[in-house]
Structures are given as structure tokens and as C-alpha cells.
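To keep things clear, I will list the structure first and then write my remarks on it.
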Amino acid sequence: MKKYLLKLYVTGKTPRSEKAIINLKRICRDYLNEEYELQVIDVIENPQYAEEDKILATPTLIRVLPPPIRRIIGDLSEKDKVLIGLDLEKMLHS
Amino acid sequence: MQRDITNNEIIKLETLIPGFDHISNGGLPLNRTTLVAGSAGSAKTVFAAQFLAAGIITNTASGVFVTFEESVDDIRRNMKGFGWEIEKWEKENKWAFVDASPEPHESSIVAGEYDLGALLARIENAITKVKATRLSLDSLGAIFTQFSDSAIIRRELFRISVALKKMGVTAVLTAERTQEYGEIARYGVEEFVADNVVILRNILEDEKRRRTIEILKYRGTSHQKGEFPFTVTPEKGVIIIPLSAIELKQKSSNLRISSGSTELDKMCGGGFFRDSVILVSGATGTGKTLMATEFMAGAAAGNERCLLFAFEESREQLFRNATGWGIDFEKLENEGTLKVVCEYPEVAGLEDHLIEIKQVIEEFRPTRVAIDSLSALERVSTIKGFREFIIGVTSFIKQKEIAGLFTSTTSTLMGGSSITEGHISTITDSIILLRYVETFGEMRRGLTVLKMRGSMHDKDIREFTIDNNGMHIGKPFRDVTGIISGNPQKIQKGDFDRLDNLFDE
């Protein structure tokens, strides 16, 4: 089991979805080493998952593990806020 | 549902919410979104849920409920009180929830641009799942508190309303207002659904709550204007009282019925008309309840069914009084010709009383109805609400071709008139005044038929007495003047002769 389990909800193959995926992959690579599992869920193909997780906005990133559950909304272009959301703020200035 | 695509006319969807289709001239604009705005406690959520429930109960439409505020469990539980089995409907694929209520324990951080694509996808999924043609979204204010950027939310809500239109869904969006009279809704939500706006109000007036509904605008199609009273009942939910839908179309009959007193019948030119409204006005103790009681007994004699609404006295009191006047109410009730409904006016609002009165009349199907007294009902209402009640009751019983006798108490012992009369006198067909007459240190009772539409009637003020056989009407007061104005004066013999000869040549 990896230390981080991340779910990213996006809507179709829009530029905003692509941007979020690229931003997230870069952050994972730079800060989480290999200790993460990432699931990308398209709400148009799988609306029932969005229903279960009560997703309203896309893109939404959910940190399922480690607890507590965290939600980060947006295309993840503001890297500092993403790191705060993932409890990685100590990495900010390292 | 009517369809007429050719001339681009706006088609309306019958909501089946009682009264709403009347005041909206046919229902909600089909395939469009209507904003329902109201202050806290104005029954927005009930309206939104009823819009879906009415479609399901009548088997005409299934619906999707999007909640931004209350939890799904709360809504299921709260609406059960109206008899709406949402849980069962969900299993039958007639009702689907989209739960967008906030999660209390989770915080979210915004890191970049976003839209509400997931919400739209979930709504579309739910609509497809139950094949919904109706959708309610309750309430918009709550989503603005979940997301800080209201410009994005407004844009996205507009996108959702466009998508709903494409899917052929008629939608109700609720939004909160901070004042009863002021801006339409908070956060400027009316800007993106500005075509149709309905306002629910819950106004505090003279320490009494009064609910009204108003269609503010319906772009491109007609509707009734102004505020209409409505109430929320446990069995039916929102019921709107469509005053403007009342039409002066009732038939008029020449058939006479007995007032219960042969002497009074004679004074009225042969009895009351079968479908007329009679007002009996008098001070306390002049014999109004007696007249209502005799009116009921008169029905039973002719094998009619009669209904008495008593708002002043208890059953026991009424039955004991009737026995005192030689009328056996208990026997009449057992025979099924009489029904007595006793209620304290304060137990409900006037709108609720009106709905109950109508309902009992529908069920019992009487040929005559008495309400004793209107003045007691006046206590629980504002002047405007009372006037609407009177119009509602009289038009209903006229429609049903029922005779109605209402009593009204005057505020002063001698003469005088009550506020009630001011509202009702033009609607009534007959008015009977009961008055105290003070002569030589004695209180006597006088009765006169002031008005009898469509018939000759006795113009005298007659003395009447009450004993254990009821009411007895005697001779006119020939030697007293000023009875109706409340200032009775004995006329000297000489004056009397002079008056008699006044018009002799």
C-alpha cells in the first residue's frame, strides 16, 4: 500500500482537465517520490463516483490517504496551495 | 400538457399544486427554469418538493431533487408529513436526489480555476436515470456559501439552466430573500433566471402570520397579478387560494326554502331563496344563534341536509340551547340530516379554516350551511385576510348552490354595525337585523329584514320573543323610532297621527 492515495475528478477531455492532470503529476513527481497512487475519474463517464464522493466542482482532487480526507478544488495551477492542501507545506521552501 | 410549437407560443406545464395553475394561467413555463424566491420559513422547500410529488402522484412525471442545503435524510423525513413517500419513489425510479449539501467535517482549498462540471454531470445522470421531466433545486443561497467566487457560480448556474432546457426539463430553483419587499433574491441570482420569478411571502401583520404567493414575472406569457393567500396543510402541502379565479357565474334560483320560522318566511316574501347568502346581524344575546339553529331545523323538516360551523360555543352548549328552544340536534345528527362542526377560531389561520370549511361541505354535501359567527373568525385574521375569507366562502357556497346563513355580532349593544358587515353586506342577498329596543325600562327585541334581493319583503321592525318553542315574531313597533340607529324613542300619540296623515292630500 502506498502512503498517498489521490483521486482526481475531471470533466471530459477539456483543456482545464488536461491542465489539472499535468499539474498534479508534476507535484507528485517532485514531492511524493514513488509513494503515491493516483486515480483520474471522468465525471461524464462515471457520474456515480462523483455522486458517492459528492463532487460539485471540477477539477477536484481528493486526498483519501493518509487521513484526514482533504479536498482541493481547481486546476491545481497554484502549487503552494496544493502543497498546503496535501499537508506538504514544510516542502514549500526546501 | 399542451404542445403548440408552430407559433412559438410559450407552453405551460400543469404543476398540479392546488391553485397554482389557476393563478399562473396554466402552470409553469414548459422546459424553462422558474425562480421561486422567499424569506426564511416561506415554504420554499415544500413548494419545490411538491412540484415533484404532484407529478409523481398523478403519474405524469418523475423528478430530480437537487439539494444544496438540507441533507437528503432530512428532506425524506420532513416531507413524509405531507404523505409523500420519497423513499418508496426512489426505489420505483420516480424520484432521484442529487445531494449537494455541504459536508460539515471536510474543508476544501481552492487552487486554480474550476467549474461545476461535476454537478452538471450528476444532474444529467439523475435525469436520465429516472427519465425526469421535472427538477427542483433547493436552495441557491447555500451553494454561494460553499464557493467563494460568486461570479463563477452564477455563470455555472446559467450553464445548468441551459442544459436543463435542452433536456426538456421544467425546473424550479429556490432562492432566499432577506426582506419581504425588496430585492428579488440574494447574490443576484435572478440575473441568470430572470425569465420567470415567483415570490413566496410570510408576512407578519398585527401579530398574525399571513402567507402569500405572487408571480412577479413570466416572460412572454400571461399570469394573474398580485399576491394570493396560501396555506400549508399537513395533508396536501401548499394550497393556494385563487381569489381571482372566482367567477360570478352562479345560477340563480327562484326556489324558496324555509328559514325555520313561518313568521319570518312571511316577512321575507315566502322564505329565503335556495342559493342565497343571508347575514344575521345583532348584538350579543339578541338571538343570532337561535336563528342559525332554527335555520338548521327548517332544513331537517324539509328533509334537507344541513351543516353548522360553530366558532363561539361548544357542542354541549349548542345542543343544550337547541333543546331549550324545542329542537333536538342529537336526533337530527343521528338521522344524518345535520352535522355540527365546533371549533375554536384560534386553532388555525383563516386560510386553513376556509380550506376545512370547503372540505367538509364537499364531503357532507349539505343544502344549507350556517356559520356562527363570522365575527369570531375575524379575531384571528387581518382585515385583508378576512375579506378574502368572506369572498372565498360565499363564492364557494354559491357555486355549490347552497343556502348560507352567517351571523355577525355588532360591537355595541344598541344599534351599530360590525366590521364584518362592511365587508360582507354587498355580497349577501339578504340582511336581517336583530336589535335591542329599550322602552319604559324594559329590553325588548326587534327584528327587521333590511334587504331581500329579488323579492318583496316586510319593511316593518317587528318585536320578537324567545321561549321554549323558539322564536316568535309579533307586531311591528309602531310607537318607537330610532331602533336601528340605536337610539329608540317613544313617539307621542299626536306625532304618530301626524306621520300617518303626512302624505294625505
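Summary of computed values
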{"read-out": "Label-reachable residues, segment A:28-47, where backbone N falls under 20 Å from a point 7 Å from B:Val72's Cα toward its Cβ", "value": "A:42-47"}
{"read-out": "Backbone HN-Hα couplings from phi across segment B:142-154 [Karplus 6.51/-1.76/1.60, Hz, Gly and Pro as x]", "value": "5, 6, 6, 7, 6, 10, 7, 8, 6, 5, 5, 4, 4"}
{"read-out": "B/A buried area, accessible surface, summed, 1.4 Å probe, Å²", "value": "2300"}
{"read-out": "Local net charge near A:Leu5, Cβ-Cβ under 12 Å (Lys/Arg +1, Asp/Glu -1)", "value": "+3"}
{"read-out": "Helix B:315-324 axis, angle to chain B major axis (alpha carbon atoms, nearest 10°)", "value": "20"}
{"read-out": "Over 14 Å [Cα-Cα, segment B:98-179], rounded percent", "value": "67"}
{"read-out": "Rounded tilt (10° steps) of B:44-57 against the dominant C-alpha axis of chain B", "value": "90"}
{"read-out": "Apportionment of accessible area to carbon and sulfur, chain B, percent (1.4 Å)", "value": "49"}
{"read-out": "Magnitude of the charge dipole, segment B:256-497, Cβ model with Lys/Arg +1 and Asp/Glu -1, debye to 20", "value": "640"}
{"read-out": "Local net charge near B:Gly482, Cβ-Cβ under 11 Å (Lys/Arg +1, Asp/Glu -1)", "value": "+1"}
{"read-out": "Å² of accessible area per residue within segment B:1-130, as computed with a 1.4 Å probe and no ligands counted", "value": "42"}
{"read-out": "Accessible surface of chain A, 1.4 Å probe, proportion on carbon and sulfur as whole %", "value": "53"}
{"read-out": "Cβ charges +1 (Lys, Arg) and -1 (Asp, Glu), total dipole of the protein assembly as shown, debye", "value": "1220"}
{"read-out": "Chain B - Kirkwood radius from inverse mean 1/r over Cα pairs (Å)", "value": "26.2"}
{"read-out": "Under 25 Å from B:Lys266, Cα to Cα: lysines that are on another chain or at least 8 residues apart", "value": "B:Lys251, B:Lys288, B:Lys398, B:Lys451, B:Lys459, B:Lys475"}
{"read-out": "Whole-Å semi-axes of segment B:256-497's equivalent ellipsoid (Cα gyration tensor)", "value": "29, 20, 17"}
{"read-out": "Intensity falloff of segment B:2-245 expressed as log10 I(q)/I(0), Debye formula with alpha-carbon point scatterers, at q = 0.07, 0.12, 0.15, 0.16 Å⁻¹", "value": "-0.22, -0.66, -1.06, -1.22"}
{"read-out": "Chain B, helix-only ellipticity at 222 nm - DSSP H runs n ≥ 4, -39,500 (n - 2.57), divided by all residues, nearest 500", "value": "-9000 deg cm²/dmol"}
{"read-out": "Where only alpha carbons of segment B:179-306 are counted, the Rg and the Dmax (Å)", "value": "23.4, 69"}
{"read-out": "DSSP beta bridges in chain A [antiparallel fraction, %, rounded to 5]", "value": "55"}
{"read-out": "If the convex hull is drawn through the Cα atoms of the protein assembly as shown, its volume per residue in Å³", "value": "210"}
{"read-out": "Additional length obtainable on full extension of the chain from B:Ile57 to B:Ser411, 0.36 nm per residue less Cα span", "value": "122.6 nm"}
{"read-out": "For segment A:4-91, radius of gyration divided by Kirkwood radius, i.e. Rg to Rh on alpha-carbons", "value": "0.94"}
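The values are calculated or read from the model by the stated rules, or taken from the named source; none is laboratory data. This is a predicted model, so every value here is computed, not measured. Heads up, the Cβs are rebuilt from the backbone with ideal geometry, glycines too, and the neighbour counts pull from every protein chain shown. Accessible surface areas use protein heavy atoms only, side chains included; no ligands, DNA or RNA. Shrake-Rupley method; radii C 1.70, N 1.55, O 1.52, S 1.80 Å.
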